[in-house]
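Written out below as structure tokens is the structure these notes cover.
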Amino acid sequence: MEMQTASTDIAARAIEIIDQLKSAEGPLLPILHGLQEEFGYVPPETLPLVANALNISRAEVHGVFTFYHDYRDHPAGRHVLKICRAEACQSMGGDRLAERASELLGVNWHETSADGAVTLEPVYCLGLCACAPAAMLDGEVIGRLDDEQLQEIATEVRL
Amino acid sequence: MTATIYIPRDSGALALGAEKVAKALEKEIAARGLDVKIVRNGSRGLYWLEPMVEVETGEGRVAYGPVKPSDVASLLDAGLLQGGAHRLSLGLTEEIPFLARQTRLTFARCGITDPLSLEDYRAHGGLKGLENALKLEPAQIVAEVTESGLRGRGGAGFPTGIKWKTVLDTASPQKYIVCNADEGDSGTFADRMIMEGDPFVLIEGMVIAGIATGATKGYIYTRSEYPHAIAIMNEAIAIAEKAGVLGTNVMSSAHAFDLEVRVGAGAYVCGEETALLESLEGRRGIVRAKPPLPAHKGLFGKPTVINNVISLASVPIIMDRGGAFYRDFGMGRSRGTIPIQIAGNVRHGGLFETAFGVTLGELVEEIGGGTATGRPVRAVQVGGPLGAYFPPALFDTPFDYEAFAAKDGLIGHAGIVVFDDTVDMLKQARFAMEFCAVESCGKCTPCRIGSTRGVELADRIAAGIEPEKQITVLADLCNTMKFGSLCALGGFTPYPVMSALNHFPEDFRPAPVREAAE
């Protein structure tokens, strides 16, 4: 019963977001961004609502949703740590730091820790290549990431 | 008298603690009851000195850096507001050699002005290009841009004026200007710096493009990885609308131009122009076959100018000073200046705008100061993940589209990533293939399947399984990808792979130790 209420709430709020954005030119990405911003992920039950509002097939919406790395079909952890895995960061020992992060947090890439504290994601370039290695914690940019900072982050996300 | 202090709000400076420095400074200034105005500027692009704090003095701006929050009290004690001496003092900003050697045309205001002050923008020469353009016929604007010799700074190097002329000559009730701000190449950050440090120059360039081609709507397609750039661009657009630079009557003229920021969703391939258009239309970022060219059938099937941020941001100075002024910088068919991004394992990383013609060696060894780790430079990747790796033996190559092509490389978006002698080039070649496999849109076979086969070949070489045979197949595979792929993702992935193989063959031979262990 409770589940059903939550689901109805999600649908009602999703329809509001879709209605706000659907008149834009090429509205699908802005709508998916809007849904993810609202719920922290794109609830799968909202995809048919999007298809219906834009008069496109559910397959088309599913195709777009799954094509882009950013969109999630389930909630992330309370914190999201993105570590750059691209060349400029590799040149400054990024690979070793990335492995260290995975060890410290006890998660693999794209995974959320069992306590729900943190999701670890790779990112390919944050445009911070002159202060590599770079990372982003909950939208905050971090340059010249080192072991000490990683240790601090690992402690901080568990608080 | 109110003193003025500058603390950057650029992502690079923020990543190194600029926000904490600003907070500490505000607190200390309030505690001491000082009369100070703090301006949050863009970055000058000297990232090894960020956060770099500057103060306005009678002689010019004096810089200090890199500043930590704990330095704030001692800086004020040393007379920061008068440009007093301190161990972090860098002297007059303009005289720092890294800056003094540059020719800043596109980045003339970046790091100097308040990015969200239109008055500041005007006071530093902004909007003059647009004012001049409004006095001309569209064809005259296009002629001026053609005269300048400006070529697409996104990487392809296609003449901007010719692209604009095609759109101008294609009749349609609706045309678009699309700015490709999907700066996904590792080692590049010039687009981000302009959007965060001088957003009005991009807006001005796009409005001029609109007037020149008869387009009334523009989109800036940028990356979700750039939250600060998105926020600043959106604020700047709102300010420009309010001031009448955008809207139904641009600068009180009969021209209309509206602008909107659109955010991608983490797909590298959307930096390819036709995939970008698909994404803007709300579809998967699948590459389109050309023809038709976007200039004929682009966004929503309408004639579309699609240009990189730096191309568009270079237009205002061209329209202000004239095409000939811009053209007189550079060498050969590479005219004007190029903002080079020096990154990776380098002592002095940052943005270096200069006329074409500077050599790779000057950039890496002299300007960049060699590696950050102090070890010898072994390889330099120029032009992002799809660019070739250059060994020091090729450091005499001048920065020029044709000169790089002649050495089987490319300038791309002008990012250079430095690696020291600990780099494993087989691993880098494998990464190039792996990245292509992850980011391939899947439309064409050479890219979609070739990249996965490429990873497998690299793994077999690393494992010492018939390496000579694998290398032959790898070279053949690269040839197929280069000539058979639909776009630059599959087509250029062979550049890093083959350059690694050709210039660093020793890394593709299993070490004797590894053989013995098996």
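The values are calculated or read from the model by the stated rules, or taken from the named source; none is laboratory data. A quick note: this is a predicted structure, and the numbers were derived from the prediction, not measured. When we count neighbours, we look across all protein chains shown, and the Cβ atoms used for this are built from the backbone with ideal geometry, even at glycine. Protein only, heavy atoms only, side chains kept; ligands, DNA and RNA dropped before computing areas. Shrake-Rupley method; radii C 1.70, N 1.55, O 1.52, S 1.80 Å.
In the condition set (1) of a type in the set (D, E, K, R); (2) part of a helix (DSSP H, G or I); (3) within 12 Å of chain A (Cβ to nearest Cβ), B:Arg378 is compliant with all but (2).
Just need a number here: residues in segment B:332-375 that are assigned to a loop (DSSP other than H, G, I, E, B) and aromatic (Phe, Trp, Tyr). Quick ask: steps written out before the conclusion?
Just the residues of segment B:332-375 that are assigned to a loop (DSSP other than H, G, I, E, B), to begin with: B:332-333, B:336, B:345-349, B:356-358, B:368-375.
Checking which are aromatic (Phe, Trp, Tyr) leaves us with B:356.
Within segment B:332-375, residues that are assigned to a loop (DSSP other than H, G, I, E, B) and aromatic (Phe, Trp, Tyr) number 1.
Of the helices (runs of 4 or more DSSP H) lying entirely inside segment B:47-165, not one carries at least 3 residues that are modelled with pLDDT under 95 and at positive phi. The numbered conditions (1) under 30 Å from B:Thr371 (Cβ atoms); (2) within 12 Å of another protein chain (Cβ to nearest Cβ) are all true for A:Leu120 except (2).
Can you tell which of B:Lys469, B:Lys427 is open to solvent by 70 Å² or more (accessible area, probe 1.4 Å), of a type in the set (D, E, K, R) and closer than 30 Å to B:Val364 by Cα? It would help to see each step written out before you state the result.
On the way: B:Lys469 fails: closer than 30 Å to B:Val364 by Cα.
Matching residue, one of B:Lys469, B:Lys427: B:Lys427.
Go through segment A:99-121 and give me each residue that's on the phi < 0 side of the Ramachandran plot and open to solvent by less than 30 Å² (accessible area, probe 1.4 Å). Correct list: A:Ala101, A:Ser102, A:Leu105, A:Val107, A:Ser113, A:Ala117, A:Val118, A:Thr119, A:Leu120.
Flag: B:Leu312 does not match the condition of being open to solvent by less than 10 Å² (accessible area, probe 1.4 Å) and either modelled with pLDDT under 95 or within 14 Å of chain A (Cβ to nearest Cβ) (or both).
Each row is one residue, and each column tells you yes or no for (1) in contact with a Phe, Trp or Tyr (Cβ under 8 Å, 6 or more places away or on another chain); (2) assigned to a helix (DSSP H, G or I); (3) closer than 29 Å to A:Leu137 by Cα; (4) open to solvent by 60 Å² or more (accessible area, probe 1.4 Å).
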residue: A:Ala24; (1), (2), (3), (4): no, no, no, no
residue: A:His33; (1), (2), (3), (4): no, yes, yes, no
residue: A:Val42; (1), (2), (3), (4): yes, no, yes, no
residue: A:Ala51; (1), (2), (3), (4): no, yes, no, no
residue: A:Ile83; (1), (2), (3), (4): no, no, yes, no
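What about B:Glu278, is it open to solvent by 10 Å² or more (accessible area, probe 1.4 Å), modelled with pLDDT of 95 or more, under 19 Å from B:Ile220 (Cα atoms) and not in a helix (DSSP H, G or I)?
On the way: open to solvent by 10 Å² or more (accessible area, probe 1.4 Å): yes; modelled with pLDDT of 95 or more: yes; under 19 Å from B:Ile220 (Cα atoms): yes; not in a helix (DSSP H, G or I): no.
When the stated conditions are applied, B:Glu278 does not pass them.
Between A:Leu49, A:Leu29, the distinction of being within 28 Å of B:Leu259 (Cα to Cα) and modelled with pLDDT of 95 or more belongs to A:Leu29 only.
Tell me yes or no: at least one residue of segment A:100-109 is closer than 20 Å to B:Gly12 by Cα, modelled with pLDDT of 95 or more and β-branched (Val, Ile, Thr). Full working, then the answer.
In the first step, residues of segment A:100-109 are kept if they are closer than 20 Å to B:Gly12 by Cα; the result is none.
Within segment A:100-109 (the criterion being closer than 20 Å to B:Gly12 by Cα, modelled with pLDDT of 95 or more and β-branched (Val, Ile, Thr)), the answer is no, since none of the residues qualifies.
Taking the numbered list (1) within 14 Å of chain A (Cβ to nearest Cβ); (2) in contact with a Cys (Cβ under 7 Å, 6 or more places away or on another chain) in turn, B:Val178 passes all entries but (2).
Would you point out which residue out of B:Gly384, B:Gly370 is within 18 Å of B:Glu183 (Cα to Cα) and not assigned by TED's automatic domain parsing to the domain that holds B:Ile203? Write out each step before concluding.
Details: B:Gly370 fails: within 18 Å of B:Glu183 (Cα to Cα).
B:Gly384 is the lone residue from the list that is within 18 Å of B:Glu183 (Cα to Cα) and not assigned by TED's automatic domain parsing to the domain that holds B:Ile203.
So, of the residues in segment B:185-219 that are surrounded by 24 or more Cβ atoms within 10 Å (Cβ to Cβ) and assigned to a loop (DSSP other than H, G, I, E, B), which turns out to be farthest from the chain's Cα centre (by Cα)? Looking at the filtered set, the residue picked out is B:Ala215. Identify, please: which residue in segment B:252-271 is in a loop (DSSP other than H, G, I, E, B) and open to solvent by 10 Å² or more (accessible area, probe 1.4 Å) and is, among those, nearest to the other protein chains (Cβ to nearest Cβ)? Residue satisfying both the conditions and the ranking: B:Gly266.
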